[in-house]
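These notes are about the structure you will find just below.
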């Protein structure tokens with residue numbers, strides 16, 4: 001067969017085309033990097049109602065906890081210590097740190113495993129300890145609490161409930177009890 005004008009001539013010394021060569025290149029380019037820590041985010045996670053309802057500050061909270069997880073080599077989930085100052089340095093508004101933590105926890109992306117305490121005296125101050133809910137902890141499997149939201153309305157209500165809550169959540173791992181709506185008696 002004669003090559004068309006402008007078309008390169010085939011080199012007879014060249015090896016035959018290997019159909020697996022392209023897939024090997026694609027796999028290498030789309031696999032986790034070998035020289036640094038990495039973290040999976042699946043399509044289900046990114047398209048879930050719980051993820052779409054995260055505010056910008058709450059997303060920064062989740063990502064900062066994820067950075068701490070990567071810094072610990074992925075072995076300390078459930079004992080990830082992130083301070084208020086760490087969140088502010090990462091870009092979370094100082095006034096929004098507490099609300100954003102509660103929002104990310106209510107939507108099921110993080111879990112506060114140990115509540116910290118603030119204060120001026122150094123002996124009494126403790127930072128919060130966190131866990132990423134889609135990864136296993138030392139105590140057990142991943143909780144994937146973000147999956148409990150099946151619609152955007154459910155997630156929106158959870159965020160609205162957290163944002164209207166003006167008091168700090170209970171200490172020492174107690175569950176967050178939201179105020180009940182009062183019904184007017186007629």
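The values are calculated or read from the model by the stated rules, or taken from the named source; none is laboratory data. All figures in this text were calculated on a predicted structure; none of them were measured in a lab. Positions of Cβ are generated from backbone atoms using ideal geometry, with glycine treated the same way; all protein chains shown enter the neighbour counts.
Tabulated data for the structure shown
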| read-out | value |
| --- | --- |
| Of all residues in segment 102-126 being assigned to a loop (DSSP other than H, G, I, E, B) and touching a residue at least 40 places away in the same chain (Cβ under 8 Å), the one that is farthest from residue 46 (Cα to Cα) | 115 |
| Leading residue by the ranking (modelled with the highest pLDDT) among those in segment 106-130 that are within 16 Å of residue 87 (Cα to Cα) and out of contact with any helix residue (DSSP H, G or I) (no Cβ under 8 Å at 6 or more places or on another chain) | 129 |
| Enumeration of residues in segment 91-101 that are over 14 Å from the mean Cα position of the chain (by Cα) and either surrounded by 14 or more Cβ atoms within 10 Å (Cβ to Cβ) or part of a helix (DSSP H, G or I) (or both) | 92, 94, 95, 96, 97, 98, 99 |
| Scope segment 143-185; condition within 24 Å of residue 113 (Cβ to Cβ), part of a loop (DSSP other than H, G, I, E, B) and modelled with pLDDT of 90 or more; matching residues | 143, 144, 149 |
| In segment 26-43, the residues that are surrounded by 10 or more Cβ atoms within 10 Å (Cβ to Cβ) and within 19 Å of residue 73 (Cβ to Cβ) | 37, 38, 39, 41 |
| Of all residues making up segment 130-142, the number that are within 11 Å of residue 76 (Cα to Cα) and not in a loop (DSSP other than H, G, I, E, B) | 4 |
| Members of segment 63-74 found to be outside any helix (DSSP H, G or I) and under 16 Å from residue 41 (Cα atoms), listed by number | 74 |
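Conditions tested, residue by residue: (1) at pLDDT 80 or above; (2) on the phi > 0 side of the Ramachandran plot; (3) not in a loop (DSSP other than H, G, I, E, B).
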site	(1), (2), (3)
4	no, no, no
31	no, no, no
59	yes, no, yes
76	yes, no, no
